[in-house]
Structures are given as C-alpha cells and as structure tokens.
Amino acid sequence: MSYNDSSRIGTRATETKKGRVLIMQSTAEVLGSEVIYRLYRAKQAGEYVYQIYAGYKRERVYCGVGKDRDIAEIIFTAVAKGRVTPCTLPCIVADLLPDPAEEEAAAIVAFCKAN
C-alpha cells in the first residue's frame, strides 16, 4: 500500500446544476488512483450547510459538516491531506466534527465567568 504526497487544494466558488456552490476542491493519489475531494455549500430549509464530497474510482459519498464554514474548511483540509477514501469519510467526519455537548458546556462556562 502506498500513498503519493501530491495532494493539491484549490479554492473557487461555482454553482452546480443541483444548486450547490463549490467552495474548495482537491485531489490526491491513493494506490495509483485519483481521489477527488470537494467542499460544497448548499441551502437546506433556508439555511446554508456544508458538505464534503469524496470520489474514488466508482465510490462516491457526500457528508454533511454543519453550518459553520470555518469548521467545514478545516475538516475538508484534514480530509484531503489525510487522503480519506469515500468508504471511511463518514467515520472520519464524525470524529472531526465538534461535539455539541462540549460546545454547550463551554458556552455555559464562558457565560458564568462573564457574570
């Protein structure tokens, strides 16, 4: 098993036929084949959400990464640099997403310190 260190990350914003806006794109070589990564912004229930796409040979998957663009870009960069394949993308994204309970606890602590 070998991994090639030639990943590239590019940024641009173009709308797709399905109404998604392409924010970032990257490619990496894994086991002699190219993996394509894309970060999209989509509108769901009137709010913007971000999705990461990974395509490798015939495998393709989209994973939601929340509503925060900064977090979505950080996760996208980690996924692309880590050469994550579509079959493991959902697990990796779940591990990288912030835990809502931890965010709530941090907000309560910050509120208590301010008052």
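The values are calculated or read from the model by the stated rules, or taken from the named source; none is laboratory data. As the structure is a prediction and not an experimental result, all values here were calculated from the model. A quick note on method: Cβ atoms are made from the backbone with ideal geometry, for glycine too, and the neighbour counts reach across all protein chains shown. Each accessible area value is taken on the protein alone, full model and side chains, heavy atoms only, with ligands, DNA and RNA left out. Shrake-Rupley method; radii C 1.70, N 1.55, O 1.52, S 1.80 Å.
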### Summary
Just one listed residue, out of ILE52, ILE108, ILE92, ILE71, is β-branched (Val, Ile, Thr) and modelled with pLDDT of 95 or more, and it is ILE52
### Query
How many residues, within region 26-51, are in contact with a strand residue (DSSP E or B) (Cβ under 7 Å, 6 or more places away or on another chain) and farther than 13 Å from ARG83 by Cα?
8
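Pull up region 5-31, narrow it to residues that are out of contact with any Leu (no Cβ under 8 Å at 6 or more places or on another chain) and open to solvent by 60 Å² or more (accessible area, probe 1.4 Å), then point me to the one that is modelled with the highest pLDDT. Talk me through it step by step, then tell me what you get.
Taking region 5-31 and keeping what is out of contact with any Leu (no Cβ under 8 Å at 6 or more places or on another chain), we get 5-11, 17-21, 26-31.
Filter once more, so that each one left must be open to solvent by 60 Å² or more (accessible area, probe 1.4 Å): 5, 8-9, 11, 17-18, 29, 31.
Details: ASP5: 43, ARG8: 46, ILE9: 51, THR11: 50, LYS17: 57, LYS18: 68, GLU29: 92, LEU31: 88.
Only one residue tops the list, namely GLU29.
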